[in-house]
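The values are calculated or read from the model by the stated rules, or taken from the named source; none is laboratory data. What you see is a predicted model, and the numbers here were worked out from it, not measured in a lab. Heads up, the Cβs are rebuilt from the backbone with ideal geometry, glycines too, and the neighbour counts pull from every protein chain shown. Quick note on the areas: whole protein, heavy atoms, side chains included, nothing else; ligands and nucleic acids left out. Shrake-Rupley method; radii C 1.70, N 1.55, O 1.52, S 1.80 Å.
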Amino acid sequence: MLANKASLAKYFTNRPSSAHRPLTDRDDQVNRTKSKVRARVETIFRVMKRQFGFIKVRYKGLGKNAHHLFVSCALVNIVMAKKKKLRQSRQHL
């Protein structure tokens, strides 16, 4: 049962190149796509950790920690939307 699920797993890390096996154009394109997704996701986590201090679990109990996480995610969404809106308004000037 577990082997069947493992065979369906997808490989989400970039393929490395070496001196003996350079990357093909297809591998390079796939790596670039994965890196773009990773950069967008890691930016959100950076905002959550640095601006809102979500580095360690602070409260006892799953409910309180879940609430803190949900509030942090909501605040990150507001900050990211604000940045996007400011970028759009600068482009229209």
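Taking every residue in segment 35-47 that is closer than 18 Å to LEU69 by Cβ and pairing it with any residue that is modelled with pLDDT of 85 or more and in a helix (DSSP H, G or I), at least 6 positions away or on another chain, the pairs with Cβ-Cβ distances below 6 Å are ILE44/VAL76; VAL47/VAL76; VAL47/VAL79. Filtering segment 1-32 to residues that are in a helix (DSSP H, G or I) and either under 13 Å from the mean Cα position of the chain (by Cα) or at pLDDT below 80 (or both) leaves LEU2, ALA3, ASN4, LYS5, ALA6, SER7. The set of residues in segment 22-51 that are within 26 Å of ILE78 (Cβ to Cβ) and of a type in the set (Ser, Thr, Tyr) contains only THR43.
Determine whether segment 56-70 contains at least one residue that is among the hydroxyl-bearing types (Ser, Thr, Tyr) and closer than 28 Å to TYR11 by Cβ. Among the residues of segment 56-70, not one is among the hydroxyl-bearing types (Ser, Thr, Tyr) and closer than 28 Å to TYR11 by Cβ, which makes the answer no.
Of all residues in segment 16-30, those satisfying the criterion of being among the aliphatic types (A, V, I, L, M) and open to solvent by less than 70 Å² (accessible area, probe 1.4 Å) are LEU23, VAL30. Entry remark, segment 39-82: residues being in a helix (DSSP H, G or I) and open to solvent by 80 Å² or more (accessible area, probe 1.4 Å) number 14 in total.
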